[in-house]
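The values are calculated or read from the model by the stated rules, or taken from the named source; none is laboratory data. Here the structure is a predicted model, which is why all the values come from computation and not from measurement. Here the Cβ positions follow ideal geometry from the backbone for every residue, glycine too, while neighbour counts run over all protein chains shown.
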């Protein structure tokens, strides 16, 4: 056997071994990536939906408080209405 054939044989077997190992590792990493993707989607729909509901509840509460404060700041109507005037006479 010549030296070139030995070098080519070892290089080809090394490349094939690395390629096989790479495919095995990619398969494992893809499994982990799929699990992580599913967990991220689950966290998005569970956690961020609750945050959105809390924000909507908070804004509704604040708007009701502001509406209540604006109504309570108005001066009461102390003038007698025509019907009330007739009842008092």
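Filter the range 1-17 down to the residues that are loosely packed, with under 10 Cβ neighbours inside 10 Å and assigned to a helix (DSSP H, G or I) and list them by number. Answer for the range 1-17, where residues must be loosely packed, with under 10 Cβ neighbours inside 10 Å and assigned to a helix (DSSP H, G or I): 3, 4, 5. Looking only at the range 57-83, which residues are in a helix (DSSP H, G or I) and at pLDDT below 75? Within the range 57-83, 69, 70, 71, 72, 82, 83 meet the criteria.
Taking the stated definitions as given, is residue 54 assigned to a helix (DSSP H, G or I) and modelled with pLDDT of 80 or more? So residue 54 does not fit the description; no.
Within this structure, residue 28 fails the test of being assigned to a helix (DSSP H, G or I) and modelled with pLDDT under 75.
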